[in-house]
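Encoded as structure tokens, the structure appears first; notes follow it.
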Protein chains: 2
Amino acid sequence: MSFIPLQPDAPLGTPGLPHERSDAARNRERLLCAARELVDEFGAEALTMDALACKAKVGKGTVFRRFGSRAGLMMTLLSDAESEFQRGFMFGPPPLGPGASPADRLVAFGEGRIYFVLENGELLKAAGAATRNRFDVPATKLSHRHMEVLLREAGIADPWVMAMSLTYALDPERIVDDVRVRGISPRRLTDSWRELITRLLKAS
Amino acid sequence: MSFIPLQPDAPLGTPGLPHERSDAARNRERLLCAARELVDEFGAEALTMDALACKAKVGKGTVFRRFGSRAGLMMTLLSDAESEFQRGFMFGPPPLGPGASPADRLVAFGEGRIYFVLENGELLKAAGAATRNRFDVPATKLSHRHMEVLLREAGIADPWVMAMSLTYALDPERIVDDVRVRGISPRRLTDSWRELITRLLKAS
DNA sequence: ATACTAAACGGACTACGGTCCGGTTTCTAT
DNA sequence: ATAGAAACCGGACCGTAGTCCGTTTAGTAT
């Protein structure tokens, strides 16, 4: 349970941190490399921590020290793609980024999120599951805050709670299962999201 | 994996079924009884299948033959309360039951659901987790269908998908964590739900 | 009553996520 | 170069969900 991933991903000489030991760095590299291979070959669902430790020629304890949990590993594997998506809605061009109306930005956000989830679905599901509450995923918090700001700007009475409703409406499990299990086209999902946001934010 | 809970809960002489054996009936009774005691005393989260088997003086295999999985057991435990709630929105008085406008019925449905979840949260979370997709829970399917019908009546373009969005917005995990972990009052949840439905279904 | 069969039983077994801790390695100070 | 301490390592170990299969037992036909 209680576990703090010491230097989650400090890449280089971060200011005060006591310089990550070389064996630790080497093992982290080995682990990430092996994890990516395993995911590519068998999919994220099939990745077990034992197999990873074995493939990376590392003890199991090392895997958990590095990533804290299976969910933590998946989040690390996702972090690049996630950062890019975040840059998109925080600093990118409209309508996703700043410059458009809250409604347009929310529509674009949902569409972007849906396609992002469809590309990284397995990883996202694995990252969200087994976490006591999926909301603890940092990226989820950021998305929630983003929507909250836009909803407030659009005059929603309780933007925090409404953003939570929308967050769950975009739940990775929901999106992936809609498309892959229940046969809903991505297009229908984005269209419905647009309808939801449009009606929700239509000036009264 | 593959497992069909033979006669999920056939209470009496169901037509053609080859009459459940007496030892099976007796063990099911023992199991349900023990399960309820354990849940009352320690909470649903803390219930382990081993402990249940032990307490019911029954082999572990028997537990799984009866309920298929931990989620299945939780669903069985829930079924009474769930049936009552279902009767409420299908046959009860308006605004929850038939007779009110779709918007009013949806508002009432969400409010009822929120309070229902807050009362049976642990069981619901346990029933939904570990199922490959939570949508497979039969009660969830029925709720989804109910909302779909109301949304269609209210002129939503793709009621099936919209109902799915709303289903996830009312996710048990979300509701329970909002209230118990993030300190949101049930009142704020129901108010926000009302705002969501009202704006969504406002005549354009 | 007896014999037969299909269903039910039980508990040993597997797989997996996660924890623990004694031993080892790297870095730093001298 | 040496010593000491902090960080790190590995793999044995634990708890839990779920499976398997040889054995027992309830119903049925004679």
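The values are calculated or read from the model by the stated rules, or taken from the named source; none is laboratory data. Treat the numbers as computed from the prediction; the structure is a model and nothing was measured. Every residue, glycine among them, receives a Cβ derived from its backbone with ideal geometry; neighbour counts consider all protein chains shown.
At a glance:
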quantity: Answer residue from region A:49-75, given it is surrounded by fewer than 12 Cβ atoms within 10 Å (Cβ to Cβ) and near DNA strand C (Cβ under 8 Å from one of its atoms) and is nearest to the other protein chains (Cβ to nearest Cβ) among those; calculated: A:Asp50
quantity: Hits in region B:176-204 (condition: over 22 Å from the mean Cα position of the chain (by Cα), assigned to a loop (DSSP other than H, G, I, E, B) and not aliphatic (A, V, I, L, M)); calculated: B:Arg182, B:Gly183, B:Lys202, B:Ser204
quantity: Matching residues, region A:182-204, being under 15 Å from A:Glu153 (Cα atoms) and of a type outside the set (Val, Ile, Thr); calculated: A:Leu200, A:Leu201, A:Lys202, A:Ala203, A:Ser204
quantity: Where a residue in region B:55-83 is without any contact (Cβ under 8 Å) to a residue 40 or more places away in the chain and farther than 12 Å from B:Gly128 by Cα and its partner, wherever it lies, is among the charged types (D, E, K, R) and within 8 Å of DNA strand D (Cβ to nearest atom), with Cβ under 9 Å and at least six apart; calculated: B:Lys60/B:Asp50; B:Val63/B:Asp50
quantity: Pick from region A:168-199, criterion facing chain B (nearest Cβ under 7 Å) and basic (Lys, Arg), ranking: surrounded by the most Cβ atoms within 10 Å (Cβ to Cβ); calculated: A:Arg174
quantity: Test: residue in region A:1-13 that is at pLDDT 95 or above, in a loop (DSSP other than H, G, I, E, B), more than 9 Å from DNA strand D (Cβ to nearest atom) and outside the structural domain of A:Gly121 (by TED's automatic domain parsing); calculated: no
quantity: Residues of region A:156-175 that turn out to be part of a helix (DSSP H, G or I), of a type outside the set (Asp, Glu) and farther than 15 Å from A:Thr190 by Cβ, as a count; calculated: 10
quantity: Single unsatisfied condition, B:Asn133 versus (1) surrounded by fewer than 20 Cβ atoms within 10 Å (Cβ to Cβ); (2) at pLDDT 95 or above; (3) at the interface with chain A (Cβ under 10 Å from one of its Cβ atoms); calculated: (2)
quantity: Among the residues listed as A:Leu106, A:Leu124, A:Leu31, A:Leu78, the single one being surrounded by 13 or more Cβ atoms within 10 Å (Cβ to Cβ), under 16 Å from A:Leu170 (Cα atoms) and at pLDDT below 95; calculated: A:Leu124
